[in-house]
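The values are calculated or read from the model by the stated rules, or taken from the named source; none is laboratory data. None of the values given here were measured: they were computed from a predicted structure. Cβ placement follows ideal geometry from the backbone for every residue including glycine, while neighbour counts extend to all protein chains displayed.
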């Protein structure tokens, strides 16, 4: 990602992903940003929800900068965010 282009985090909010944990993942991302417990370059990330991405059996699904991540628990999400473009 370039400095001018913010990171993009898309959280699947389809019923399967939502019930498998993306409701918690969405709250986690919001809380990390609000409490400034996220790296500076991620503080301006575009965070959006989406309807079903079609990978229900692999949910919860989180897409970060176009890369699909499957079976994303809150701990996995924190690791993914920490590893982004250092």
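A few notes on this one:
- Count of the range 1-48 residues which are at pLDDT 95 or above, in contact with a strand residue (DSSP E or B) (Cβ under 8 Å, 6 or more places away or on another chain) and surrounded by fewer than 18 Cβ atoms within 10 Å (Cβ to Cβ): 0
- Each residue in the range 49-86 was checked for being over 19 Å from residue 20 (Cα atoms), touching a helix residue (DSSP H, G or I) at 6+ places or on another chain (Cβ under 9 Å) and surrounded by 14 or more Cβ atoms within 10 Å (Cβ to Cβ), and 2 of them qualify.
- Note on the range 65-86: residues that are in contact (Cβ under 8 Å) with a residue 40 or more places away in the chain and over 22 Å from residue 37 (Cα atoms) total 1.
- Subset of the range 19-45 [under 13 Å from residue 62 (Cα atoms) and either assigned to a loop (DSSP other than H, G, I, E, B) or touching a residue at least 24 places away in the same chain (Cβ under 8 Å) (or both)]: 20, 21, 22, 24, 25, 28, 29
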